[in-house]
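To keep things clear, I will list the structure first and then write my remarks on it.
Every number here is computed from the coordinates shown, using simple stated rules; none is lab data. The shown structure was predicted, so the numbers you read here are calculated from the model rather than taken from an experiment. Neighbour counts run over all protein chains shown; Cβ positions are idealised from the backbone, glycine included.
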Amino acid sequence: MIEQGVQASTEQGILELFSSHAFLRGLSEQHRLMLASTARHFQAVPGEHLLREGDEARSFYLIQTGRAAIQIHRPGLGTVRLQTIGPGEIIGWSWIVPPYRWQFDAVAVTTVTGLALDAASLREKCTQDHELGYQLLKELLTVVSGRLSATRLQVLDLYK
Amino acid sequence: MTLSAMENVWLLPKPRLNDLIDLLRDDGFEVIGPQLDQGAIVYGPLRSANELPIGWSDRQAPGSYRLEKRNDDAYFGYAVGPHSWKKYLFPPLVRLWQIQRDGAGFVTKAVEPDPPKRALLGVRACELHAITVQDRTFMNRAGQWTDPIYAQARERLFIIAVECEQPGGTCFCTSMGTGPAVSPALPYDLSLTELDDAFLLRTGSEAGRKMRERSKLAPANEEQNAEGKRRVEAAARSMGRSLNVIEIRDLLHRNQEHPRWDNVAERCLACTNCTMVCPTCFCSSVEDVTDLGLESAERVRHWDSCFNPEFAQVHGGNFRTTIRGRYRQWLTHKFASWYDQFDVSGCVGCGRCITWCPVGIDVTEEIAAIRAADGAHMEAGK
Amino acid sequence: MNCCFSVGHEFIVPVGILARRYRAARTKVMTQALTTPELSQADVQPLLTPAFVRVREFVRETHDIFTLKIEPPKVNGKPFLIRPGQFNMLYLFGIGEVPISLSGDAEDPSVIVHTVRAVGSVTNALSRLQPGDMIGLRGPFGSNWPLAEARGHDVVLVSGGIGLMPLRPVVYHLLKHRKDFGRIVLLQGVRTPRDLLYPLEMEAWSHEPDVQVLVTVDAADATWTGRVGVVTTLFKDAVFAPARTMGMMCGPEVMMRFAQREFEKRGVPEDQLYVSLERNMQCAIGMCGHCQFGPSFVCLDGPVFRFDRIRRFWEVREA
């Protein structure tokens, strides 16, 4: 994963992305500022892992451009793509669920850019400021619930 | 004492019912009427009035039908049996077409229905209503479609209605507004009301008027007419069942998840009897039959029932796998959806489905139970 | 906004060539007003017995889906008119009869196009037809998509699997009368990449102005670079103006239930949503009773229903 150059990673750039990203739309300006201090720009090229199953969950990804896939490797059977994630969406919530290890792989399908928030400081800020923690979890739950519904529909194998 | 003659009501002495049958036969009609067969009163061809179940009646209750002798010689002193007239209009089994292979192509022969002219004798008010209900299914459907088999048989009917004086234990036509009196709006040619020694006769069509003229009948008098009226009114007061139909469509539509459906599903055998005896049920299936040499194929249509497990089956799925779902479909169709589809109730209150249900499920009781606990499904766990 | 999200298989063919070829082919098709008079029994050939017509062309679409191009029957000397959303009963001598939606251009009276998935005995037998073979046809039957009502609206089509077939005639109509409509959004979900239908056409459509074609698969391996996820996950990227949008859905009912909720979340009024339902259809004229859904006969009142009119029974089990 490539850290972007100094110019793009200015706080101004991060704040602009923060105010436009769908996931953060429900958060107050103050909470956004608190989160921005944990953020860095990232870029992943096709095939590059954002998360790897079993690794420590160190980042929370806000996707700005590109497409990534949540997937899992089945020994002897190859890799299955479970869902693709695109602009305005997020990747990874194991950073808030002990033992803070990724449960699946996430791989860039096309070049993916966005912000990576530092997991340790996120947890710390949420512990210190429960209002921030609540707002963040509420947004996360909306995402998780949507993905669970989608997964349940996938389980139905509707077009068999 | 002077008794003034009634206008438009004529007197047909009972022995002369045979003359009427003979006139109809002379005109080429096959006369069909009630008769005793295998312990029940059913409909079949009649050669003379003597073949009517004179002096017989029936005792009907949920799941029970017994013939019994009357202590008089009434010609029509019984309620309706397991047959309905629909078998003559909507045949239980009919060939729709035949296709013959012809070189690289095919020759199609649509079956040309050529049903006999039939005179139905003894059609009760509820049954006349049932015919008008089926007319809406099979003729000028949605302003577009007419089943030629039904339409031709229907067109060739001569209907002799009989007012009901002996309702059965499962009858509820007064609740449904379909009897026992024969309303002048109904499509009959002649209508009879039975007295001790004669019938009152009214005409309901041009064909009926001509038949009446040829029968050379005397007008009935006021007293005879009053006696007929009294008998039919008495019948209206002796229905075996009743049903509250106020807003019944919405009642059933809004109680699709009522616990009563689970209850009735435990009793219902899905045997299809109710749909077979119902005079308005119209479901059918087609089957294609091919000869072994693959030279010709034909399609037959037969009665089907929404209680059959494969009724709502499509490839790889079935929209109603449970008896609960199928019973509810039948009952809500009959008493609710029918209004949406045909602007009329699908039930005429004849009681056949109650009598012929082997486990005695009574639609009036089921609907009353739903009404008594309207919206019960909204209170889970109580 | 001119959004052209490409479908996920852009690597297969160079898009520009395809789109040009597609546009050229489209202009050749005869145009004809889509105002069919109300059908009467005399116009349907025939009511209870099939008319035999010739198969002109057989096209294999996927491993289990194929297209039949059929010679239209003459109906009392008049051209055979079928509207998008309607279906024909196709009969194969000695095998049986199945309802199949129109999946071709309703404004081209020279051919009837049906795309079929081989799943049962009749459809499997249909999959073995050759050009020149004769098949029986009754139709057209049923209701149609609300193309007149959709004028001046954005049109969002949501299809799952073979649900795309009955919606394809809508796309043809919208593109042919492009000025009459706002944005066109097609959301299509299929099971796996090998189940993708009409990929070349979809590609070409996606390059039309103000047309958005989003495709997703339910399951894929790592060689698939397109979207993975159920069709409802496409809504977040669909661009349309909810208040003046017509939504048309076709696919498994569970899929449509969830798609309808996505429309609801976006604020599309219920009377601007349409669904196409599947039931056991035998007579196709509302007389055999098999296809009932609540108080509706799917063959006669449907298969296309305005959502608010069937809402009451939409989530009722075994309705």
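Let me have the 222 nm mean residue ellipticity of chain C computed from DSSP H runs of 4+ only, each contributing -39500 (n - 2.57), with the sum over all residues rounded to the nearest 500.
Counting only the DSSP helices, I get -6000 deg cm²/dmol.
What nm distance separates the two modelled labels at A:Ala22 and B:Leu292, each placed 7 Å from Cα along Cα→Cβ?
Between A:Ala22 and B:Leu292, the simple spin-label model gives 6.5 nm.
Give me the inter-chain shielding for C:277-288: mean count of other chain Cβ atoms within 10 Å, whole number please.
Other-chain Cβ atoms within 10 Å of each residue's Cβ, averaged: 6.
Output ³J(HN,Hα) for the range A:32-37: one whole-Hz value per residue in order, computed from phi by the Karplus curve 6.51 cos²θ - 1.76 cosθ + 1.60 with θ = phi - 60°, and x for Gly and Pro.
Values per residue, Gly and Pro as x: 4, 4, 4, 6, 4, 5 Hz.
With r defined as the distance between the Cβ atoms of C:Ser110 and C:Val239 and R0 fixed at 45 Å, what FRET efficiency is calculated, to the nearest 0.05?
Calculated value: 0.80.
Sticking with the crude label model, points 7 Å out along Cα→Cβ, report the distance from B:Asp73 to B:Ser205 in nm, one decimal please.
Placing both labels 7 Å beyond Cα along the Cβ direction yields 3.1 nm.
Which value in nm describes the separation of the simple spin-label points at B:Glu7 and B:Ser183, placed 7 Å from the Cα toward the beta carbon?
2.3 nm
How much FRET efficiency would the formula 1/(1 + (r/R0)^6) give for A:His73 and C:Asp271, where r is the Cβ-Cβ distance and R0 is 35 Å, rounded to 0.05?
0.15
What number, rounded to the nearest 500 deg cm²/dmol, is the helix-based mean residue ellipticity at 222 nm of chain A, given -39500 (n - 2.57) per DSSP H run of at least four residues and division by all its residues?
So the calculated ellipticity at 222 nm is -11000 deg cm²/dmol.
Which order do the peptides C:64-76, C:242-254 come out in when sorted by mean C-beta neighbours inside 10 angstrom, highest first?
Top to bottom by mean Cβ count within 10 Å: C:242-254, C:64-76.
With a cut-off of 8 Å between alpha carbons and a minimum separation of six or more residues, what is the relative contact order of chain C in percent?
It comes to 19 percent, rounded to a whole number.
Compute the projected area of the convex hull of the Cα atoms of the protein assembly as shown, averaged over all viewing directions, and report it in nm² to one decimal place.
That works out to 45.5 nm².
Straight-line reach from C:Lys69: which lysines have Cα under 30 Å away, leaving out those fewer than 8 places along the same chain?
Those lysines meeting the cut-off are A:Lys160, B:Lys109, C:Lys28, C:Lys78, C:Lys176, C:Lys179.
Could you quote the convex hull projected area for the range C:154-276, Cα atoms only and averaged over all directions, in nm²?
Across all orientations, the range C:154-276 yields a mean hull projection of 7.0 nm².
Which whole-number percent is the relative contact order of the range A:71-119 (Cα, under 8 Å, 6+ apart)?
For the range A:71-119, the relative contact order is 30 percent.
Per residue of B:140-146, count partner chain C-beta atoms within 10 Å of its C-beta, then hand back the mean as an integer.
Other-chain Cβ atoms within 10 Å of each residue's Cβ, averaged: 6.
Amide H of A:Ser59 versus every other amide H placed in the peptide plane: which residues, excluding those fewer than 5 positions away on the same chain, fall under 5 Å?
Residues meeting the amide H criterion: A:Ala119.
For C:Arg60 and B:Lys117, what does the FRET efficiency come to when R0 = 56 Å and r is the distance between their Cβ atoms, rounded to the nearest 0.05?
So, using R0 = 56 Å, E works out to roughly 0.50.
What is the range B:264-382's relative contact order, in percent, from Cα pairs under 8 angstrom and six or more apart in sequence?
Reported relative contact order: 27 percent.
Mind checking which of B:Leu93, B:Val9, B:Tyr188 is farthest towards the positive end of chain B's charge dipole, using Cβ charges of +1 (Lys, Arg) and -1 (Asp, Glu) about the Cα centre?
Sorting the options by dipole projection puts first B:Leu93.
Starting with the highest mean, order B:49-55, C:110-116 by the number of other Cβ atoms within 10 Å, averaged over the residues of each peptide.
Listed from highest to lowest mean packing, they are C:110-116, B:49-55.
Long-range amide H contacts for B:Trp97: which residues qualify at under 5 Å (H placed 1.01 Å from N, peptide plane, sequence gap of 5 or more or a different chain)?
Excluding prolines and chain starts, which carry no amide H, the hits are B:Val111, B:Arg299.
How long are the three semi-axes of the equivalent ellipsoid for the range C:233-291, computed from the Cα gyration tensor as the root of 5 times each eigenvalue, in whole Å, largest first?
29, 12, 8
Arrange the following residues from fewest to most other Cβ atoms within 10 Å of their Cβ: C:Val156, A:Val45, C:Val275, B:Val111.
With the sparsest Cβ surroundings first, the list reads A:Val45, B:Val111, C:Val275, C:Val156.
Find how much the distance from B:Asn244 to B:Asn50 grows on full extension, using 0.36 nm per residue of separation minus their present alpha carbon separation; answer in nm with one decimal.
Result for the pair: 65.9 nm of gain on full extension.
Taking a ≥ b ≥ c as the square roots of the eigenvalues of the Cα gyration tensor of the range C:263-319, is the shape rounded (a/c under 1.5), prolate (a/b larger than b/c) or oblate?
prolate
Can you sort B:Glu365, C:Glu315 so the residue with the fewest Cβ neighbours within 10 Å comes first?
Final ranking by Cβ density, sparse to dense: C:Glu315, B:Glu365.
Apply the Karplus parameterisation 6.51 cos²θ - 1.76 cosθ + 1.60, with θ equal to phi minus 60°, to every residue of the range C:199-205 and state each ³J(HN,Hα) to the nearest whole Hz, in sequence, with x for glycine and proline.
Computed from phi, the couplings for the range C:199-205 are x, 5, 4, 4, 4, 5, 4 Hz.
To the nearest 20 debye, what charge dipole does the range B:319-358 have about its Cα centre, counting +1 at the Cβ of each Lys and Arg and -1 at the Cβ of each Asp and Glu?
In total the dipole reaches around 280 debye.
Ranking B:Leu36, C:Leu92 by Cβ neighbours within 10 Å, fewest first, what do you get?
B:Leu36, C:Leu92
Which cross-chain or sequence-distant (5 or more) residues have an amide H under 5 Å from the amide H of C:Met246, H modelled 1.01 Å from N in plane?
C:Asp154, C:Val155, C:Val156
Quantify how strongly other chains surround peptide B:316-323 by giving the mean number of their Cβ atoms within 10 Å of each of its Cβ atoms.
The mean count of partner-chain Cβ atoms within 10 Å per residue comes to 4.
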